[in-house]
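The values are calculated or read from the model by the stated rules, or taken from the named source; none is laboratory data. None of the values given here were measured: they were computed from a predicted structure. Please note: Cβ atoms are built from the backbone with ideal geometry, for glycine as well, and neighbour counts cover all protein chains shown.
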Amino acid sequence: MFDANFYAETLPDLVQAECLRQPEKTPVVKLRLGDGGELDVCHVAQLAERWLAVTFFRDAERCDDMDVCFLPYELVARVTVSLHPRQTRKLGFSIEETVKKTAAAVEPEVEHVG
């Protein structure tokens, strides 16, 4: 299972290494979900103990609208990192906007009673 540490450390490090290797290309990160869906991720917005929030492109060809998806870590079946020519893909995964917390820094969820 991919956990908070993977999204905070491993994924950004891998994307950065790929971008350094081919700086003329756009990084694209896709999450394949266990329910058959797929998200074209712009950045990881938030990490919690049992879930993450990602901002994803609604239409990968235009990259002009985004939504936020909250999902449990175990729903992600596969993470794909690829590089696309800039003429076919203007925007992709943003390392700068991705949460930089480690799994140890993620605070446990608290149930509020009120």
The condition from (1) closer than 18 Å to Ala4 by Cβ; (2) modelled with pLDDT under 95; (3) out of contact with any Ser or Thr (no Cβ under 9 Å at 6 or more places or on another chain); (4) surrounded by 11 or more Cβ atoms within 10 Å (Cβ to Cβ) that Cys63 misses is numbered (1)
So, in the range 20-42, how many residues would count as being under 16 Å from Thr80 (Cβ atoms) and either of a type in the set (Ser, Thr, Tyr) or not in a loop (DSSP other than H, G, I, E, B) (or both)? 14
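Out of the range 4-16, which residues are crowded, with 17+ Cβ neighbours inside 10 Å and either touching a helix residue (DSSP H, G or I) at 6+ places or on another chain (Cβ under 7 Å) or of a type in the set (A, V, I, L, M) (or both)?
Those that are crowded, with 17+ Cβ neighbours inside 10 Å and either touching a helix residue (DSSP H, G or I) at 6+ places or on another chain (Cβ under 7 Å) or of a type in the set (A, V, I, L, M) (or both): Ala4, Ala8, Leu11, Val15.
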Is it the case that some residue within the range 11-23 is under 19 Å from Glu74 (Cα atoms) and either at pLDDT below 95 or not β-branched (Val, Ile, Thr) (or both)? yes
Taking the range 51-96 and keeping only residues that are over 10 Å from the mean Cα position of the chain (by Cα), in a loop (DSSP other than H, G, I, E, B) and within 19 Å of Thr10 (Cβ to Cβ), one is left with Gly92, Glu96
Quickly run through the range 46-60 and pick out the residues that are surrounded by fewer than 19 Cβ atoms within 10 Å (Cβ to Cβ) and out of contact with any Cys (no Cβ under 9 Å at 6 or more places or on another chain). Gln46, Ala48, Glu49, Arg50, Trp51, Arg58, Asp59, Ala60
